[in-house]
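**Q** Take this structure, written in structure tokens, and hold onto it; I'll ask about it next.
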Amino acid sequence: MMRNPILAKWETPFQIAPFAAISDDDFAPALEEALAAHNREIAAIAGNPEPATFANTIEAEEAAGDALHKVLSVFFTVAGADSNPAREALQREFSPKLAAHFADISSNKALFARVQAVWEQRGAPDLGPEPARILMLAYRNAIRAGGALTGAQDARMKQIKARLAVLGTQFAQNLLADEREWAMPLDDDGLADLPDFLVQAAVSAGREKGAQGPVITLARSIITPFLQFSPRRDLRKIAFEAWAARGANGGVTDNREIARETLKLRHERAGLLGYESYAAYKLETEMAGTPEAVRKLLMDVWGPARAQAVADADKLAAMMHGDGINGELAPWDWRYYANKRRVAEHDLDDAELKPYLQLDRMIEAAFSCANRLFGLEFRPLEVTLYHPDCRAWEVTRDGAHVAVFIGDYFARGSKRSGAWCSAMRAQAKFPKVQTPVVINVCNFAKGDPALLSWDDARTVFHEFGHALHQMLSNVTYESISGTSVPRDFVELPSQLFEHWLEVPEVLAEFATHARTGEAMPQAMLDRLLAAANFDMGFQTVEYVASALVDLAFHEGVAPEDVMARQAEVLEGLDMPHAIAMRHATPQFAHVFSGDGYASAYYSYMWSEVMDADAFAAFEAAGGAFDVERAQALETHILSTGGSKEPEALYLAFRGRLPGVEALLKGRGLAAG
């Protein structure tokens, strides 16, 4: 029989997955074979008659599961970025199966006893810093996964994990279904006064959906500019309400009951492990440490942000009333009048700005900054990937291979919303040396050329910052490689790299007009940078409100009615009427499609406290491309993964920990 192409040796450039040879029919048998192989490896470790040592237990676990990783890296890449009914069905099948597999490992008492034995003899012999870190994490993770539970508690923990996996998968698929199914056709009147780039995006979206003409979809890269530019308040209202209703439309794709059950199970899981709440459990291993520390940060920012947003709302309402529209400013009005206000106050219009923000040029800009900071060079690769939109580059330094970088930038119905970075293969030196294969996935509107908003351009830099964290990793063990760090530290490299987009010399070189090729005029560049904090009250309020709802959901007993609890939190904050949460509960994929950001959506802001301070270190030295600061950033943060506690890494880079003042100043919310 022919070897399954997923599990066979990959005879491809840099051992990139052979996507052209893989069919959906290969995934299920490959998973079964890989799970069986992993089970045999774990059984051999747990049943080893020799006394437990770091090498035969901890390192052996690190080395196990190579086949399983190959299967999952390929499957979850295509399931997230290019799904189809077959892949969605496989995901529903795989999720509980994988949860059960890893639950069996975490409840393997013989394995846990060996990990515990190594932990108890950790002082002799001296392991060295990185192995000692690996041992600590292995023991802590085993405890937190329920390794010490027995009897009925152990059995119940397995049930909870399996059910949460099912719920998370269903939540994500429901959201994708709602986003994929909705479209609003535009006639000539609906197209009137829309900028050319948006008309082109609507035409392209209509073509993809098989519609007779242009449509507005729920892809953020289309609906956001529509809310900014459409003078048709009735159409803005329809579009906004469809966007806000994702996951809450009733029927089989409704996520509200899924959210309720998820919160209930998380609370029970935390209780089995001895924690008073899921937030206490989750935050114990983060930089923040406690729910109280998270709440303090968010509330320190909420007050100034809300005050700014309320003042801005008054100005926007006055503009709306000046157009002869009575009543209160509504959420579907904010972006439209904010855009008009930015034009009036800063002479800056996205329709005028976008031709200077070509996707290809912004990718080049990110590469150029990486070259100037870290000496990385990027060469296009001709390889077959999972979708024609994808492109790849070999990353080198001083002629030596460093990584493969893949970019998948365009929105499509088969791709979940948002933007993300993942490592299809992470950097490691044990049990064999392997270089990373890193992918950035975004959801930009197609165009010829593709034009970006300022927020889109920031997304290019943000996700590439994550990619740098993966590509520059230089550790021994894969489990602490790259972005394998606490959630409220993982956003530091990504948010820090965003700052280079705002460096004037970068924009002067790469912000060139799509038609004429001319550089952005200095006057426009000056206006753009001067408006960097425009509408920051709105942006901060919509984000912090979401983070506070997430925290409230996980601080105590799970609510019976998640929407009532959401409303209660927002009422307590005196949430401005014209601003909606960035992610309402039924569409809050960060929190409910998995537990990565559960009780941790605050982490973007926690990291922002550091990124504002970290970029200030460059400015205080030789400027944005200061060689010594760049070297320190790579040495102490980008190359170190999770090999040390985040506080130690940041202190080594900066010499001190920052306060919230840097964040407020960076967002233009500081008093005075």
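**Q** Determine, from the Cβ-Cβ distance of A55 and E261 and an R0 of 51 Å, the FRET efficiency 1/(1 + (r/R0)^6), rounded to the nearest 0.05.
**A** Values: r = 43 Å, r/R0 = 0.83.
Efficiency, rounded to the nearest 0.05: 0.75.
**Q** Further, regarding this structure: Under the 0.36 nm per residue contour assumption, what length would be gained going from the current alpha-carbon distance of K665 and T285 to full extension?
**A** Separation in residues times 0.36 nm, less the Cα-Cα distance, equals 134.0 nm.
**Q** Quick one: check the C-alpha center-to-center distance for region 593-621 versus region 1-40, whole angstrom.
**A** About 37 Å separates the Cα centre of region 593-621 from the one of region 1-40.
**Q** Can I ask one more? Kirkwood Rh and Cα-based Rg: tell me the resulting Rg over Rh for region 182-246, rounded to two decimals.
**A** 0.91
**Q** Another question, then. What share of the DSSP beta bridges in the chain is antiparallel, in percent to the nearest 5?
**A** Values: 24 of 31 bridges.
Approximately 75 percent, going by the DSSP bridge assignments.
**Q** Here's a follow-up. Quick one: what are the phi-derived ³J(HN,Hα) couplings along region 536-546, Karplus 6.51/-1.76/1.60 with θ = phi - 60°, whole Hz, x for glycine and proline?
**A** Rounded to whole hertz, the list is 5, x, 4, 4, 6, 5, 5, 6, 5, 4, 5.
**Q** Select from L137, A344, S73 the residue farthest towards the positive end of the dipole of the chain; place +1 on Cβ of Lys and Arg, -1 on Cβ of Asp and Glu, and compute about the Cα centre.
**A** Sorting the options by dipole projection puts first L137.
**Q** Still on this structure, I have one more. Label points 7 Å out from Cα along the Cβ direction at D126 and A211: separation in nm?
**A** 6.7 nm
**Q** Using the Karplus equation 6.51 cos²θ - 1.76 cosθ + 1.60 (θ = phi - 60°), what ³J(HN,Hα) coupling, rounded to whole Hz, does each residue of region 145-157 give in order, writing x for Gly and Pro?
**A** Once θ is set to phi - 60°, the couplings for region 145-157 become 7, x, x, 8, 6, 9, x, 5, 5, 4, 5, 5, 4 Hz.
**Q** Also, quick follow-up: Lysines near K237 by alpha-carbon distance under 29 Å, same-chain residues fewer than 8 away left out - which ones?
**A** K209, K315, K340, K354, K415, K446
**Q** Still on this structure, I have one more. Say each of E292 and L651 gets a label point 7 Å from the Cα, pointing the same way as Cα to Cβ; how far apart are those two points in nm?
**A** Once both label points are built, they end up 2.2 nm from each other.
**Q** For region 160-195 and region 109-145, compute the distance between their C-alpha centroids and round to whole Å.
**A** If we compute the Cα centre of each part, the gap is 44 Å.
**Q** Multiply the residue separation of A113 and H69 by 0.36 nm, subtract the distance between their alpha-carbon atoms, and state the gained length in nm to one decimal.
**A** 13.3 nm
**Q** Okay, next question. To the nearest Å, what is the center-to-center distance of region 397-461 and region 501-528, using C-alpha atoms only?
**A** First find each Cα centre; the distance between them is then 24 Å.
**Q** Check the straight Cα-Cα distances from K109 and name the aspartates and glutamates below 14 Å, setting aside those fewer than 8 residues away within the same chain.
**A** D154
**Q** I've got another one for you. Report the gain in length on full extension from R233 to N474: 0.36 nm times residue separation, minus Cα-Cα distance, nm rounded to one decimal.
**A** 81.5 nm
**Q** Now for a different question. Once Lys and Arg get +1 and Asp and Glu get -1 on their Cβ, which of I238, L149, Q173 lies farthest toward the positive end of the dipole of the chain?
**A** Positive-most Cα among the choices belongs to L149.
**Q** Within straight cross-link reach of K9, meaning Cα distance under 24 Å, which lysines are found once same-chain residues fewer than 8 apart are removed?
**A** K70, K429, K432
**Q** Around F410, which amide H atoms from residues at least 5 apart in sequence, or from another chain, sit under 5 Å from its own amide H, with H modelled in the peptide plane?
**A** Excluding prolines and chain starts, which carry no amide H, the hits are C442, F444.
**Q** Sticking with this structure for a sec: Set Lys and Arg Cβ to +1 and Asp and Glu Cβ to -1, take the dipole of the chain about its Cα centre, and tell me which of Q522, G642, L218 lies farthest positive.
**A** G642
**Q** Then there's this: Rank-order 98-104, 535-541, 552-558 by packing density, defined as the average count of other C-beta atoms within 10 Å over each peptide's residues, highest first.
**A** Order by mean packing, descending: 535-541, 552-558, 98-104.
**Q** Run the quick spin-label model on K432 and L272: label points 7 Å from Cα toward the beta carbon, then report their separation in nm to one decimal.
**A** Distance between the two pseudo-spin positions: 3.6 nm.
**Q** First measure r as the distance between the Cβ atoms of D323 and A567, then evaluate 1/(1 + (r/R0)^6) with R0 = 35 Å and state the FRET efficiency to the nearest 0.05.
**A** For D323 and A567, the calculated efficiency is 0.70.
**Q** I would also like to ask the following. Please sort 84-95, 441-452 by packing, taking for each peptide the average over its residues of neighbouring beta carbons within 10 angstrom, highest first. Don't skip to the answer; put the middle values down first.
**A** Details: 84-95: 16.1, 441-452: 21.5.
Highest mean packing first, the order is 441-452, 84-95.
**Q** Using only helices, what value at 222 nm comes out for the chain when you add -39,500 (n - 2.57) per DSSP H run of length 4 or more and divide by the total residues, to the nearest 500 deg cm²/dmol?
**A** Dividing the helical sum by the residues of the chain leaves -18000 deg cm²/dmol.
**Q** Next question. First select every other residue whose beta carbon is under 13 angstrom from the beta carbon of L385; then total the charges, Lys and Arg +1, Asp and Glu -1.
**A** -3
**Q** Based on the mean of other Cβ atoms within 10 Å per residue, sort peptides 566-574, 645-653 so the most packed one is first.
**A** 645-653, 566-574
None of the figures in this text is laboratory data; all of them are computed from the coordinates on show. Please read these numbers as outputs of a predicted model, since none were measured by experiment. All Cβ positions, glycine included, derive from the backbone under ideal geometry; neighbour counts span all protein chains shown.
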